[in-house]
Amino acid sequence: NKKAFIFDLDGVVVDTAKFHFVAWQRLAADIGINFTEKENEQLKGVSRVDSLKKILEWGNKTLPQEEFDQKLIEKNNQYLSLIEGLSVNDILPGVHSFLLDLKAKSQPIALGSASKNARPILKKLGIIDLFDVIVDGTNVTKAKPNPEVFLSACSQLGFKATDSIVFEDSKAGVQAANTAGMISIGLGDQTNLNEADAVFQSFEEMPSDYIKTLLNTQK
Ligand code: G6P
Ligand code: MG
């Protein structure tokens, strides 16, 4: 009895939202836009390009294409310097043992993330080898809530969408999983993730035999 277990990265495996926030805030300040933590919430799961588009929209500004591209490079360089020191200690509570438990049960594991920095981040966390398949922002063209990233992950693992389980912290990600016909497990705030099949504050809050429960769950 096997299923494809697909994990989002940012906000599920590691808390990088605070670093994205600092980097976007500096960029916004540079071009005279006030960017708040509340707005940052709305960028969870949103690709780099679309994030900058939204920030400009909120600030009522436009940038010529060349400058737009330059700002994205600057933002990413800033972000990369902020996450330089990421280590195994930054894996979110309960995630590491959940992954090891899946491994022990020979369950297939994939990453389904919008981030183009996914591989270096997983390396820093020391868990890249636990993933059988990695689909990230360098592999997909359609952003969540489009299910492309998750469908690609499950097909590379050789599973049907209906035999796949997605762990997500963003509304767009939960919607992507649901659209694909996958079981969606939300991590975070119940109100924001109410479309998910189940929601937990963290992996630590899941019942101890939750993997078994999931293996016996049909969408
Ligand atoms: C994830 C994060 C977003 C981020 C996106 C792209 O979805 O939640 O905040 O913008 O990945 O990440 P990248 O590392 O490629 O800029
Ligand atoms: Mg996320």
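Each residue in the range 138-172 was checked for being under 9 Å from Gly112 (Cα atoms) and at pLDDT below 95, and 0 of them qualify. Scanning the range 180-217 for residues that are under 11 Å from Ile165 (Cβ atoms) and among the polar types (S, T, N, Q) yields Ser184, Thr213, Thr217.
Listed here are the residues, each with its yes/no results for (1) more than 10 Å from ligand 1 (Cβ to nearest atom); (2) closer than 24 Å to Asn146 by Cα.
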| residue | (1), (2) |
| --- | --- |
| Phe19 | no, no |
| Ala29 | yes, no |
| Leu52 | no, yes |
| Glu67 | yes, no |
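Tallying residues that are more than 13 Å from ligand 1 (Cβ to nearest atom), of a type in the set (Ser, Thr, Tyr) and closer than 16 Å to Gln42 by Cβ within the range 164-205 yields 1.
Go through the range 15-85 and tell me which helices (runs of 4 or more DSSP H), entirely inside it, have 1 or more residues that are surrounded by 13 or more Cβ atoms within 10 Å (Cβ to Cβ) and hydrophobic (A, V, I, L, M, F, W, C).
Working: elements: 17-30, 37-41, 48-58, 65-82.
Because the criterion is at least 1 residues that are surrounded by 13 or more Cβ atoms within 10 Å (Cβ to Cβ) and hydrophobic (A, V, I, L, M, F, W, C), the helices (runs of 4 or more DSSP H) in the range 15-85 that meet it are 17-30, 48-58, 65-82.
In the set (1) farther than 17 Å from Val13 by Cα; (2) buried (at least 19 other Cβ atoms within 10 Å of the Cβ); (3) touching a Gly at 6+ places or on another chain (Cβ under 9 Å), Lys219 fails one condition alone, (2). Selection within the range 1-57: residues that are among the aromatic types (Phe, Trp, Tyr) and under 21 Å from Leu86 (Cα atoms). The member of this set that is nearest to ligand 2 (Cβ to nearest atom) is Phe7. Identify, from the list Leu99, Leu122, the residue that is within 15 Å of ligand 1 (Cβ to nearest atom) and either closer than 21 Å to Ala17 by Cβ or modelled with pLDDT under 95 (or both). Answer to the check: Leu122.
The values are calculated or read from the model by the stated rules, or taken from the named source; none is laboratory data. Nothing here was measured: the structure is a model prediction, and the numbers come from that model. We place every Cβ from the backbone using ideal geometry, glycine too, and count neighbours over all the protein chains shown.
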